[in-house]
Amino acid sequence: MYFISTRGGEKVTGAAAIVKGLSDNGGLYVPEQFPAMGEKDMQAMLTMSYPERAAYVLKAYLDEYDEAELLKACEQAYGKFEGNDPCPLVKIKDGTYILELFHGPTCAFKDMALTVLPYLLRTGCDISGIKEDILVLVATSGDTGKAALEGFRDAKGIKVMVFYPDEGVSQMQKLQMCTQEGSNVNVVAVKGNFDDCQTAVKEIFNSAECAAKLKERGILLSSANSINFGRLAPQIAYYFSAYLDLVSSEQIAMGDAIDFCVPTGNFGNILAAYYAKRMGLPVRRLHCASNMNNVLTDFLAKGEYNVNREFYKTTSPSMDILVSSNLERLLFEISDRNSTLTAERMAALKSEGVYRITKQEQDKIAETFDGGFADEDEVVEAVYDLFCDTGYTMDTHTGCAMKVANDWAYKNKKDVTPMVIVSTANPYKFPQDVLYCVTGNDVRDSFKGIKRLHAATAMAVPKCLANLKDKPLRFKTSVTKDKMFDEVLKFIG
Ligand SMILES: *Cc1c(COP(=O)(O)O)cnc(C)c1O
């Protein structure tokens with residue numbers, strides 16, 4: 001299977017796409033075609049464990065990787081998760097389920113992919129005959145950074161450098177990153193919001209000058225953001241797995257259609273669901289849930305993507321994003337893979353902050369997607385209501401999705417299609433905010449938040465968060481955008 005750029009002009013292997021992360025012209029790599037998962041594949045996967053299902057889906061895209069090695073990598077990756085199921089499906093009520101993707105080492109769904117990516121990247125280098133050391137450069141809205149640091153820590157021949165917006169992540173997220181152990185990692189705060197941070201990292205990727213300076217030092221850049229296909233591929237697997245779990249628990253019959261509702265920031269998670277649908281998974285609708293930074297809700301409703309708007313800092317910081325990078329992959333598909341048009345739209349977004357799609361394209365998107373958002377009060381209500389009704393505690397990001405799913409159910413009372421709400425973080429990752437949702441109590445300190453949230457919900461506190469209190473802060477550097485590359489050079493020495 002080959003991969004092409006959404007902006008045209010390139011065709012590379014899966015291994016090369018993963019090692020490079022971003023194509024030379026700034027486009028994102030997409031599979032030349034979607035591999036089909038037919039009835040036989042679904043039946044085969046039905047009785048498999050999660051690591052086996054994940055390896056099966058990965059193999060469909062990454063055919064030059066060794067099957068047995070892929071399986072071993074998935075077993076190792078998901079062996080690091082707490083409990084015996086890396087992504088359990090919890091029934092909230094008839095026809096409504098929560099897919100918990102936060103049982104990995106850093107308590108956010110990013111672990112589903114970032115525990116596997118180091119293997120995909122290292123083996124990708126071997127397959128492509130690359131001898132240089134790799135520098136993985138990450139812009140994070142909070143959760144990717146920690147998951148990448150943990151996933152890549154002490155990996156041979158790979159260094160990881162994470163940039164996060166100094167005012168844009170939660171206290172817990174910051175602590176998780178700045179206490180990271182490992183000899184090959186670095187974390188730097190950047191003045192600004194996530195979009196500033198992500199744009200600056202993309203500029204380093206696209207700069208010939210930066211590439212030359214790194215090459216002199218024997219370093220090749222790669223990415224662990226969801227622009228990297230190696231991030232996306234493992235995420236496709238859990239949509240299949242959730243579906244198969246519904247079949248094997250006799251909630252649905254094989255072939256029945258279901259909906260997913262996904263809390264969305266960079267459009268990576270929900271794009272993986274779309275890819276699963278394109279591969280043949282019986283998905284009816286995908287509900288794209290945003291917080292107050294509802295640029296995607298407006299885009300889905302009006303066909304215009306416009307970032308010239310106020311940026312809000314919310315209690316779901318991992319969704320505080322205006323430029324959703326992975327939307328480029330959807331634009332490419334719905335324009336009938338028109339790379340010229342996709343490149344023009346991305347150029348317009350960069351220069352004007354806005355682009356439009358045609359009515360025809362808008363209709364095509366609407367066949368599968370709809371969008372909604374939750375304001376801050378609505379998040380509180382959604383988390384509180386579910387807790388009161390069922391005793392189930394969810395985090396604020398999942399709260400956004402719950403509100404959007406509730407709206408859909410309210411407007412479509414006769415709809416019996418099962419709804420799977422994707423849950424992206426452990427509530428203890430945002431303890432003060434979730435505590436406020438559940439009890440109305442306000443505490444400033446994260447660890448007090450954890451203690452009180454535990455008292456209120458009796459939910460188990462994950463060790464990796466409770467432990468943070470005693471860990472020394474290793475990383476304290478904060479820079480402006482224009483100094484980021486200097487920090488990179490300092491780090492690699
Ligand atoms: C990253 C993240 C999201 C957004 O996912 P995208 O793939 O960027 O759309 C939502 N919730 C949490 C907790 C996250 O960490």
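The values are calculated or read from the model by the stated rules, or taken from the named source; none is laboratory data. None of these values were measured; they are calculated from a predicted model. For neighbour counting, all protein chains shown are included, and Cβ atoms are generated from backbone atoms with ideal geometry for every residue, glycine included.
Among residues of the range 17-28 that are free of Cβ contacts under 8 Å to residues at least 24 places away in the same chain, those with a beta-carbon under 9 Å from a residue that is part of a helix (DSSP H, G or I) at least six positions away or on a different chain give the pairs 23/17; 24/206. Counting only residues that are part of a strand (DSSP E or B) and either under 30 Å from residue 311 (Cβ atoms) or among the aliphatic types (A, V, I, L, M) (or both), the range 147-173 holds 7 of them. In this structure, does residue 124 turn out to be surrounded by fewer than 18 Cβ atoms within 10 Å (Cβ to Cβ) and either more than 27 Å from residue 469 (Cα to Cα) or modelled with pLDDT of 95 or more (or both)? Here the answer is no, as residue 124 does not meet what is asked. Checked across the range 91-101, the condition of being modelled with pLDDT of 95 or more, assigned to a loop (DSSP other than H, G, I, E, B) and surrounded by 22 or more Cβ atoms within 10 Å (Cβ to Cβ) holds for at least one residue.
Filter the range 29-55 for residues that are small (Gly, Ala, Ser) and touching a residue at least 24 places away in the same chain (Cβ under 8 Å); which is surrounded by the most Cβ atoms within 10 Å (Cβ to Cβ)? Show your work before the answer.
Start the filter on the range 29-55 by keeping residues that are small (Gly, Ala, Ser), which leaves 36, 38, 44, 49, 54-55.
Among the residues that remain, those that are also touching a residue at least 24 places away in the same chain (Cβ under 8 Å) are: 36, 38, 54.
Details: 36: 10, 38: 10, 54: 32.
Going through the qualifying residues, I end up with 54.
Flag: residue 4 does not match the condition of being β-branched (Val, Ile, Thr), in contact with a helix residue (DSSP H, G or I) (Cβ under 7 Å, 6 or more places away or on another chain) and not in a loop (DSSP other than H, G, I, E, B).
Only a single criterion out of (1) β-branched (Val, Ile, Thr); (2) touching a strand residue (DSSP E or B) at 6+ places or on another chain (Cβ under 7 Å); (3) within 27 Å of residue 242 (Cα to Cα) is not satisfied by residue 18, namely (2). Count of the range 68-77 residues, restricted to those that are under 14 Å from residue 150 (Cβ atoms) and either within 16 Å of the ligand (Cβ to nearest atom) or surrounded by 19 or more Cβ atoms within 10 Å (Cβ to Cβ) (or both), is 1. Filtering the range 138-183 to residues that are away from the ligand (no atom under 15 Å from the Cβ) and of a type in the set (Ser, Thr, Tyr) leaves 179, 183.
Look at residue 58 and say whether it is within 26 Å of residue 157 (Cα to Cα), in contact with a helix residue (DSSP H, G or I) (Cβ under 6 Å, 6 or more places away or on another chain), in contact (Cβ under 8 Å) with a residue 40 or more places away in the chain and part of a loop (DSSP other than H, G, I, E, B).
Working: within 26 Å of residue 157 (Cα to Cα): yes; in contact with a helix residue (DSSP H, G or I) (Cβ under 6 Å, 6 or more places away or on another chain): yes; in contact (Cβ under 8 Å) with a residue 40 or more places away in the chain: yes; part of a loop (DSSP other than H, G, I, E, B): no.
No; evaluated as a whole, the condition is false for this residue.
Just checking, does the range 279-298 include any residue being in a helix (DSSP H, G or I), under 30 Å from residue 206 (Cβ atoms), of a type in the set (Gly, Ala, Ser) and over 11 Å from the mean Cα position of the chain (by Cα)? So far as the range 279-298 goes, no, none of its residues is in a helix (DSSP H, G or I), under 30 Å from residue 206 (Cβ atoms), of a type in the set (Gly, Ala, Ser) and over 11 Å from the mean Cα position of the chain (by Cα).
Residue under question is residue 404, and the condition is that it be part of a loop (DSSP other than H, G, I, E, B) and either under 28 Å from residue 257 (Cα atoms) or without any contact (Cβ under 8 Å) to a residue 60 or more places away in the chain (or both); does it hold?
Numbers: part of a loop (DSSP other than H, G, I, E, B): no; either under 28 Å from residue 257 (Cα atoms) or without any contact (Cβ under 8 Å) to a residue 60 or more places away in the chain (or both): yes.
Judged against the criteria, residue 404 is not a match.
Applying the condition of being closer than 19 Å to residue 90 by Cα and under 19 Å from the mean Cα position of the chain (by Cα) to the range 244-268 and asking which residue is nearest to the ligand (Cβ to nearest atom) yields 263.
Would you mind stating whether residue 348 is farther than 17 Å from residue 198 by Cα, of a type in the set (Gly, Ala, Ser) and in contact (Cβ under 8 Å) with a residue 60 or more places away in the chain?
Numbers: farther than 17 Å from residue 198 by Cα: yes; of a type in the set (Gly, Ala, Ser): yes; in contact (Cβ under 8 Å) with a residue 60 or more places away in the chain: no.
Criteria not met by residue 348.
Just to be sure before I move on: is residue 227 over 21 Å from residue 419 (Cβ atoms), surrounded by 24 or more Cβ atoms within 10 Å (Cβ to Cβ) and within 20 Å of the chain's Cα centre (by Cα) in the structure I sent? It is true that residue 227 is over 21 Å from residue 419 (Cβ atoms), surrounded by 24 or more Cβ atoms within 10 Å (Cβ to Cβ) and within 20 Å of the chain's Cα centre (by Cα).
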